[in-house]
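Notes to accompany the following structure.
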Amino acid sequence: VERPCRAPPHSPAARAFETTRKTAEALDSAPRQHIIPRGLKPANILLTEDGRAKITDFGIAKVVATEDAQRTLAIMGTPAYMSPEQVTGGQIDAASDVFSLGILLYLMLTGEKPFSGDTAAVMFKIAYPDPAPPSQVKPALGLGHDFLLLRALAKDKKKRYASAREFLDDLDDVE
């Protein structure tokens with residue numbers, strides 16, 4: 001179902017939402033195949049000619065043998081796009097990928113990463129301080145963008161979207 005978008009159809013915001021939607025749909029299907037990608041970053045997202053998003057480079061993906069979340073035994077991946085639980089060695093699940101997706105959308109909408117600095121600084125910022133609301137970085141963004149992204153980037157997984165499907169529902173509302 002096509003959903004109306006407030007942003008002009010070819011604007012950077014509209015493209016950001018469309019890319020995010022396609023990526024979230026791909027993420028939504030991964031847990032049903034018992035996979036948690038854990039390596040979501042711009043270089044690992046390909047958009048096909050027919051408009052689907054493909055998540056590539058499953059070299060650090062976790063194949064889940066049970067419904068229980070798996071614990072990361074070593075820090076692997078690109079720090080700028082990791083979730084707090086990846087940085088701290090906690091439980092990894094679909095909410096971890098939503099955090100990474102939130103970083104991507106924040107970057108696409110504001111032109112800045114929510115956590116910046118050298119590797120150690122980025123990992124500290126991912127684990128502890130909250131990012132600036134996107135509307136503070138780019139005033140054209142509204143409270144809906146702030147809500148969506150700050151929830152996706154919540155440090156506490158209980159306050160974050162538990163799945164890409166939950167994220168998509170709010171993405172529709174913000175659009």
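A Förster radius of 25 Å, combined with the Cβ-Cβ distance separating residue 137 from residue 173, puts the computed FRET efficiency at roughly 0.75. Taking a cut-off of 21 Å between Cα atoms, list the lysines near residue 22, but don't count ones fewer than 8 places away on the same chain. Within the straight-line cut-off, residue 22 pairs with 41, 54, 113. Tell me, what is the percent relative contact order of segment 92-175, built from C-alpha pairs under 8 Å that lie six or more residues apart? The normalised contact order for segment 92-175 reaches 35 percent. Within the shell defined by Cβ-Cβ distances under 14 Å, the residues around residue 139 carry a net charge of -1, with Lys and Arg each +1 and Asp and Glu each -1.
Note on segment 92-175: along the principal axes its Cα atoms extend 35, 32, 17 Å, ordered by decreasing extent.
Only the coordinates and a few stated rules stand behind these numbers; no lab work does. Computed from a prediction, not measured in an experiment: that's the story for all the values here. All Cβ positions, even for glycine, are placed from backbone atoms using ideal geometry, and neighbour counts span all protein chains on display.
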